[in-house]
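The values are calculated or read from the model by the stated rules, or taken from the named source; none is laboratory data. Remember, it's a predicted structure, so these values are computed and weren't measured experimentally. Glycine also receives a Cβ, built like all others from the backbone with ideal geometry; neighbour counts cover every protein chain displayed. Note: areas computed on protein heavy atoms with side chains; ligands, DNA, RNA excluded. Shrake-Rupley method; radii C 1.70, N 1.55, O 1.52, S 1.80 Å.
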Amino acid sequence: MFSTQLVQKLQQAQKVAVLTGAGISAESGVPTFRGEDGLWNKFRPEELANFNAFQKNPKLVWEWYNYRRKLIHEVKPNPGHYALAEMEQMFPHFTLITQNVDNLHRVAGSQIILELHGNIMRNRCVDCNKIYQEVKIDFNQQMPVCRCGGQLRPDVVWFGEMLPEDALLCAFQAAQECDIFFSIGTSAVVQPAASLPIEARERGAYVVEINIEPTAISRYVDESIIGKSGEILPLLVKKVKETGLI
Ligand code: NAD
Ligand code: ZN
């Protein structure tokens, strides 16, 4: 499953960085985009998840997001999310980078999260940029409006939009400085996140992938673990703790 070498390296690691994708939430029941049961089979996200679509038909876009929010609101973190929250406490430096917008890492207890694609449970004003946190979300409200009168949109990164610069910079810095880098449940095709494991490897980190199948980066990593993240991660954490350490 995983090597003794990995366990030993984790016991000595000072800096660990983790990149997660939709796969970490699959066992919670959040559909992945490219999986068999993916959202892309039912919808065409490129038609909905972009600013032009929102300007043209905000009601339709909001309907889609309300559907996705409800779906995400009903699911819970799985043992993979909890294991990562535990890992945050185990290492002197731990950076969690996610492409997910589902908020499940936070619900599981992870405290510092670099959200590269935003968070579906937040809204943002298109005019004044004010952020409305998850508590304010009313699932039934069709077209929420900001206090300034501007339209609110989900605080996620849409097709054609830039990733949040600060989060991206911190993510690359963590990849460059870490001793061990994990790429978990991501198909590793969406840039620039897909470059993070490669960058880490070039800078000398031990790079580990956890996925149910091989991906585009499998042959570049030091260790490719085939299996469900909700099963592998808790076992790995247990093993590292058992064998003494940190
Ligand atoms: P992706 O759908 O491209 O790939 C998911 C990967 O997870 C696949 O490689 C699959 O083999 C793997 N996987 C599935 N079940 C797994 C499991 N139990 N354990 C380990 N791996 C498993 O997802 P991605 O790489 O994150 O694609 C990025 C885009 O999809 C991002 O833009 C992201 O915002 C968006 N997205 C996010 C969510 C979410 O927030 N949960 C859901 C769907 C899509
Ligand atoms: Zn506003």
- Query: Got at least one residue in the range 140-147 being away from ligand 1 (no atom under 16 Å from the Cβ) and under 20 Å from the mean Cα position of the chain (by Cα)?
  - Reply: no
- Item | Answer from Val237, Val156, Val190 - the residue that is open to solvent by less than 60 Å² (accessible area, probe 1.4 Å) and over 27 Å from Ile120 (Cα atoms) | Val237
- Checked Pro197, Pro234, Pro154, Pro214 against criteria (in contact with a Pro (Cβ under 7 Å, 6 or more places away or on another chain) and either within 16 Å of ligand 2 (Cβ to nearest atom) or not charged (D, E, K, R) (or both)); the one match is Pro234
- Task: Of the numbered conditions (1) within 16 Å of ligand 1 (Cβ to nearest atom); (2) open to solvent by 30 Å² or more (accessible area, probe 1.4 Å); (3) within 30 Å of Cys170 (Cα to Cα); (4) modelled with pLDDT of 85 or more, Asn52 fails exactly one; give the number of that condition.
- Result: (1)
- Task: Hey, could you check the range 11-49 for residues that are closer than 21 Å to Val189 by Cβ, of a type outside the set (A, V, I, L, M) and in a helix (DSSP H, G or I) and say which is modelled with the lowest pLDDT?
- Result: Trp40
- Task: Return yes when Leu60 is modelled with pLDDT of 95 or more, more than 16 Å from ligand 2 (Cβ to nearest atom) and not in a loop (DSSP other than H, G, I, E, B) and no when it is not.
- Result: no
- Inter-residue pairs, beta-carbon under 8 Å, first part of a helix (DSSP H, G or I) and in the range 210-230, second open to solvent by 30 Å² or more (accessible area, probe 1.4 Å), 6+ apart: Ser218/Ser224; Tyr220/Ile198; Tyr220/Arg201; Ser229/Glu27; Gly230/Glu27; Gly230/Pro79
- Given the structure, is Ile113 within 11 Å of the chain's Cα centre (by Cα), in contact (Cβ under 8 Å) with a residue 12 or more places away in the chain and open to solvent by 10 Å² or more (accessible area, probe 1.4 Å)? yes
- What about Ile120, is it modelled with pLDDT under 95, within 25 Å of Trp62 (Cα to Cα), aliphatic (A, V, I, L, M) and more than 12 Å from ligand 1 (Cβ to nearest atom)? no
